[in-house]
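Chemist: Encoded as structure tokens, here's the structure I'll be asking about.
The values are calculated or read from the model by the stated rules, or taken from the named source; none is laboratory data. This is a predicted model, so every value here is computed, not measured. No Cβ is skipped: glycine too gets one built from the backbone with ideal geometry, and neighbour counts run over all protein chains shown. Accessible surface is based on the protein model in full, side chains and every heavy atom, while ligands, DNA and RNA are left aside. Shrake-Rupley method; radii C 1.70, N 1.55, O 1.52, S 1.80 Å.
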Amino acid sequence: MRRAAKRILWVDDEIDLLRPHLLFLQQRGYHVDAITNGDDALALLRGHAYDLILLDEQMPGRRGLEVLRLIRRDDPYARVVMVTKSEEDRTMTEAIGRHVEAYLVKPTSPRQVLSVVTRILEGSSIQQQRAAQDFAARWPALSRMRERASSASAFARVYQELVDWHLWLERSGETGLLGTVESLQEDLRHDFGRWVTREYPRWMKGGADRPELSVDVVERRLLPLLGGDPVYFVVLDCMRLDQWRAISPLIGEYFDVDEGYHYSILPTATPYARNAIFSGLFPDEIARARPQWWDASDDEGSLNAFEDELLREQLRRLTGRAVPVHYEKVFTDRNEAQVRGRLRSAARVKGGVIAVVFNFVDLMTHGRSESPILMEVAKDEAALRQLTRSWFERSTAFAVLKEASAQGHRVVLTTDHGSIHCRRPATIYARKGASTSLRYKMGNDLRAQDPSSAFTTKRASDLRLPRGSLRMTYMVALDDCFFVYPTKLREHQRRYRNSFLHGGISPEEMIVPVAVLRPRPR
């Protein structure tokens, strides 16, 4: 079936001089109506629908900007291209302020006009076709990369590329191929889990080829930046790579972004991974040094109450001197003015570190399981990304970063762990007293009904966790499983299926962004 020609209205008092342009567009399948003044154009628009309006600014009678204002009154979403002889900044600024699709300065060639028209009317379908073609060409090599991945860097490369393809296909409207990407992600997740199960205990014994872990972030990323000016150290709790991709373009307007990644330690949960970042130590080392801090729970409130002290001690250990540290933990944007005021004062201290933890993403992820409304708003990964970006645009975190850029301060921005969309319940058996988390468990005589659903060990040293009782078992979920007890099977399935959880082994939880931000000249 032949598609209907896209309809264009060209309004210009010198339309006779534009016959070559009109013919050029018509030869390429566009229907073009030509009008010589604004009043006739407005009358025509009341009775006919057009896909695009080319509007001259300098016409007798109503000028183009006045016609544009009246068009916007009747149809706020009309696509308009302003065409004018004027090169004045004021005219261009006013046209752009009224949301024109493009701005052309006469004389224009037929090819220039066609380029603009094609971009506006056909751009999305062209991008969709290009995305599909590029992915089809890349898919065999990407599949081989996934099959051959056997190192931390190889798994990270495949995961990062799959995230990028997912986002690009989604933006291009090529949703038909998203299932293929998700299938590759599922295969990668499965391979990654089995590989981590083999390799992680060796990393904990000091394996030379272990990747950059949570314990390495301050030494490798923050330490080289210490000097005269203060450095910001910003942690956005529970941020996946795709969520970072959603907000990084906003940050890129203010900073040059040097992006990398690190692997979160296990369990990929705040009490372990974030303490490891601030201390540079594994949980068993923290427990030995500060036994009064470690109560064997997995409660963030009790285990993450000393991050400022841990950071100060780590910096003293690395530098041999006391480094000034200002620490803030932000749970809400209601106190933005006070937070920014304190950080502004802290930025006057030479050679210091301004450490700020923002908990909103983690609160949103946890709250989603408890709130039917939030579950609907953030029903999948795409919605979670959009919600994250919407929050970030208006957040204290973004305001702090913009102010740091304006002051010329460098920033290290990272997260402690990501999260995963959990769809499969995995039944486990445990005695009373086991930890309550859904992606990892610690308790006596733990056992999974399906052993392939979890990494299970009785050696605390495999995870560098504080040693428990002789009968203690440590269990970390694989793939997209979450743990349920047989006595509460239906309740937990109904409550937690399709939740975003963390604590387990998956690329989404373990391979997380870390970026060094250097202010752009302004």
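Chemist: When only alpha-carbon atoms are used, what values of Rg and Dmax, in angstrom, describe the range 189-328?
Modeler: 16.2, 46
Chemist: With +1 on each Lys and Arg Cβ and -1 on each Asp and Glu Cβ, how big is the dipole of the chain about its Cα centre, in debye rounded to the nearest 20?
Modeler: So the dipole magnitude of the chain works out to roughly 1360 debye.
Chemist: Please compute the per residue accessible area over the chain with all protein chains in place, 1.4 Å probe, rounded to a whole number of Å².
Modeler: Per-residue value: 46 Å².
Chemist: Once every DSSP H run of n ≥ 4 in the chain is given -39500 (n - 2.57) and the sum is divided by its residues, what mean residue ellipticity at 222 nm do you get, rounded to the nearest 500 deg cm²/dmol?
Modeler: So the calculated ellipticity at 222 nm is -14000 deg cm²/dmol.
Chemist: Return the lysines within reach of Lys402: Cα separation strictly under 19 angstrom, same-chain partners fewer than 8 residues apart disregarded; answer none if there are no such residues.
Modeler: Hits, sequence-local ones excluded: Lys329.
Chemist: How much length is gained if the chain between Arg342 and Arg130 is pulled fully straight, taking 0.36 nm per residue apart and subtracting their Cα-Cα distance, in nm to one decimal?
Modeler: Computed gain between Arg342 and Arg130 is 71.4 nm.
Chemist: What distance in nm lies between label points placed 7 Å from Cα along the C-beta direction at Arg288 and Ala154?
Modeler: In this crude spin-label approximation the distance works out to 3.4 nm.
Chemist: Same structure again: Please work out the FRET efficiency for the pair Ala382 and Val349, using the Cβ-Cβ distance as r and a Förster radius of 45 Å; give the result to the nearest 0.05.
Modeler: 0.60
Chemist: Which value in nm describes the separation of the simple spin-label points at Arg471 and Arg202, placed 7 Å from the Cα toward the beta carbon?
Modeler: It works out to 3.4 nm between the two label points.
Chemist: Find, to one decimal place in angstroms, the Kirkwood hydrodynamic radius of the range 447-522, where the mean of 1/r is taken over every pair of different Cα atoms and then inverted.
Modeler: About 15.4 Å, per the Kirkwood formula over Cα pairs.
Chemist: Could you rank His417, His190, His492 by how accessible they are, 1.4 Å probe, largest area first?
Modeler: His190, His492, His417
Chemist: Can you list the lysines whose alpha carbon sits under 18 Å from that of Lys432, skipping same-chain ones fewer than 8 residues off?
Modeler: Leaving aside lysines fewer than 8 places away in the same chain, those within reach of Lys432 are Lys441, Lys458, Lys488.
Chemist: When the dipole is taken about the Cα centre of the range 447-522, and only Lys, Arg (+1) and Asp, Glu (-1) are charged at their Cβ, what size is it in debye, to the nearest 20?
Modeler: Approximately 360 debye in magnitude.
Chemist: Percentage of Cα-Cα pair distances in the chain greater than 47 Å, rounded to whole percent?
Modeler: 27 percent
Chemist: Carbon and sulfur together cover what percent of the accessible area of the chain at a 1.4 Å probe radius?
Modeler: Carbon and sulfur together cover 50 percent of it.
Chemist: Any chance you could tell me what percent of the C-alpha pair distances in the range 136-257 go past 20 Å?
Modeler: Percentage above 20 Å: 58.
Chemist: Please name which of Tyr103, Gly123, Leu169 has its Cα lying farthest along the dipole of the chain towards the positive end, using unit charges on Cβ (Lys, Arg +1; Asp, Glu -1) and the Cα centre as origin.
Modeler: Leu169
Chemist: Gain in length, Glu259 to Arg497, computed as 0.36 nm per residue apart minus the alpha-carbon separation, to one decimal in nm?
Modeler: Contour length minus Cα-Cα distance gives 82.4 nm.
Chemist: Label Glu122 and Asp450 with points 7 Å out from Cα along Cα→Cβ: what is the distance between them in nm?
Modeler: Modelled inter-label distance: 4.9 nm.
Chemist: Shifting gears a bit: As an exercise, use a Förster radius of 35 Å and the Cβ-Cβ distance of Thr175 and Glu393 to find the FRET efficiency, rounded to the nearest 0.05.
Modeler: 0.90
Chemist: Using amide H atoms built in the peptide plane, which far-off residues or other-chain residues are under 5 Å from Asp256 H to H?
Modeler: When sequence neighbours closer than 5 places are left aside, the close amide H contacts are Arg518, Arg520.
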